[in-house]
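Student: Once you've had a glance at the structure underneath, I'll fire off some questions.
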């Protein structure tokens, strides 16, 4: 691997145009080619450490050695940013503008990756002022989503600590559990479907546990139901016996009106017979009393004129008595008038 660093100084006699902004670029260019089982990578980067730098790794293990502050982590940050990695993955800053060299308005990172049918060149231009990025794929304008799709198709996972481990994430990597390490390793070195199969296997296991719990609950419920059923057998027998009695009572209740009807019908027939017998006796008595009734009628006919005469005499006597009573009342009122006159005369004489 050959690492070249350029400070970006102007040559003697070279003048900088005032119209052109003063930009310091960090370009990170990676080119991978597989030839006879060898991998050759070329990296070209600019960041907050380098003004301009090109890194070309070899086909085998590559190691960058240098003192603190020489820009080793800057190369790692450039790789992450150009591969559409998030700043939280690096753990150094939450805004992409912080990864551009201080005093510069924008930074540029480019990486070239080996791909069957033609290498893939991804470029990212970072603007400090608004923390926005301009993406390009093979020289054409693109966006972050398409870059993420291309990177994913090459099975590059910058968010996987087993594949891409920044310095600030070593502590987090050490805290990963065995399960998390296994899943991260599957994503890193295994085929894409391995992790999916693993997730399906875990889901099946969870479903199996849920079904086992359901079976246990059902078995427990069944056992309790059997015990409860044994306890309820006596009550059930009593219930059926009671139901039989209630059915008999219901049947008797239904028969009761018919029995009452039969009793009433027989009583009615007896009363009808008694009525017919009474009619016969009444007819016989009327026939026997007919002569006497005839005599009584004759006597009544004879008494009717006498009764009318007696009523006339009684009415005349009453009228006479009423007239006498009226005359007596009149005479009494006259006497009362004379008495009052005499009392007035007596009182007059006494006053004199």
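The values are calculated or read from the model by the stated rules, or taken from the named source; none is laboratory data. Just so you know, these numbers come straight off a predicted model, no measurement behind them. Every residue, glycine among them, receives a Cβ derived from its backbone with ideal geometry; neighbour counts consider all protein chains shown.
Student: When the range 86-107 is examined, which residues are found to be over 21 Å from residue 149 (Cα atoms) and touching a residue at least 60 places away in the same chain (Cβ under 8 Å)?
Tutor: 91, 92, 100, 101, 103, 104, 105, 106, 107
Student: Further question on the same structure: Under 6 Å between Cβ atoms, at least 6 apart or on separate chains: pull out the pairs that start in the range 229-256 with a residue that is at negative phi and touching a residue at least 24 places away in the same chain (Cβ under 8 Å) and end on any residue that is loosely packed, with under 10 Cβ neighbours inside 10 Å and assigned to a helix (DSSP H, G or I).
Tutor: Pairs that qualify, where the first residue is at negative phi and touching a residue at least 24 places away in the same chain (Cβ under 8 Å) and the partner is loosely packed, with under 10 Cβ neighbours inside 10 Å and assigned to a helix (DSSP H, G or I): there are none.
Student: Same structure, new question: Restricted to the range 78-106, and to residues that are assigned to a helix (DSSP H, G or I) and in contact with a strand residue (DSSP E or B) (Cβ under 9 Å, 6 or more places away or on another chain), which residue is farthest from residue 142 (Cα to Cα)? Talk me through it step by step, then tell me what you get.
Tutor: Narrowing the range 78-106 to residues assigned to a helix (DSSP H, G or I): 78-82, 87-90, 96-99.
This time we only want the ones that are in contact with a strand residue (DSSP E or B) (Cβ under 9 Å, 6 or more places away or on another chain), so: 78-79, 81-82, 96-97, 99.
On the way: 78: 18, 79: 18, 81: 15, 82: 13, 96: 18, 97: 20, 99: 21 Å.
Applying the filter and picking the extreme gives 99.
Student: Same structure, new question: Within the range 67-95, can you find the residues that are at positive phi and over 48 Å from the mean Cα position of the chain (by Cα)?
Tutor: Hits for the range 67-95 are 69, 71.
Student: Another question, then. Evaluate the following for residue 109: is it assigned to a strand (DSSP E or B) and farther than 23 Å from residue 167 by Cβ? Let's see the steps before the verdict.
Tutor: Working: assigned to a strand (DSSP E or B): yes; farther than 23 Å from residue 167 by Cβ: no.
So residue 109 does not fit the description; no.
Student: In the range 144-162, is there at least one residue being within 30 Å of residue 191 (Cβ to Cβ), surrounded by fewer than 13 Cβ atoms within 10 Å (Cβ to Cβ) and touching a strand residue (DSSP E or B) at 6+ places or on another chain (Cβ under 8 Å)?
Tutor: yes
Student: Something else: Just give me the residues in the range 167-180 being surrounded by 13 or more Cβ atoms within 10 Å (Cβ to Cβ) and modelled with pLDDT of 80 or more, in sequence order.
Tutor: Across the range 167-180, the qualifying residues are 173, 176, 180.
Student: Would you pick out the residues in the range 158-201 that are touching a helix residue (DSSP H, G or I) at 6+ places or on another chain (Cβ under 6 Å) and touching a residue at least 24 places away in the same chain (Cβ under 8 Å)?
Tutor: The answer is 158, 159, 160, 162, 163, 166, 167, 187.
Student: Just to be sure, is residue 70 closer than 22 Å to residue 169 by Cα and either modelled with pLDDT of 80 or more or surrounded by 15 or more Cβ atoms within 10 Å (Cβ to Cβ) (or both)? Steps first, please.
Tutor: On the way: closer than 22 Å to residue 169 by Cα: yes; either modelled with pLDDT of 80 or more or surrounded by 15 or more Cβ atoms within 10 Å (Cβ to Cβ) (or both): no.
It is false that residue 70 is closer than 22 Å to residue 169 by Cα and either modelled with pLDDT of 80 or more or surrounded by 15 or more Cβ atoms within 10 Å (Cβ to Cβ) (or both).
Student: OK, next. Does residue 129 satisfy being modelled with pLDDT of 80 or more and assigned to a loop (DSSP other than H, G, I, E, B)?
Tutor: On the way: modelled with pLDDT of 80 or more: yes; assigned to a loop (DSSP other than H, G, I, E, B): yes.
Answer is yes for this residue.
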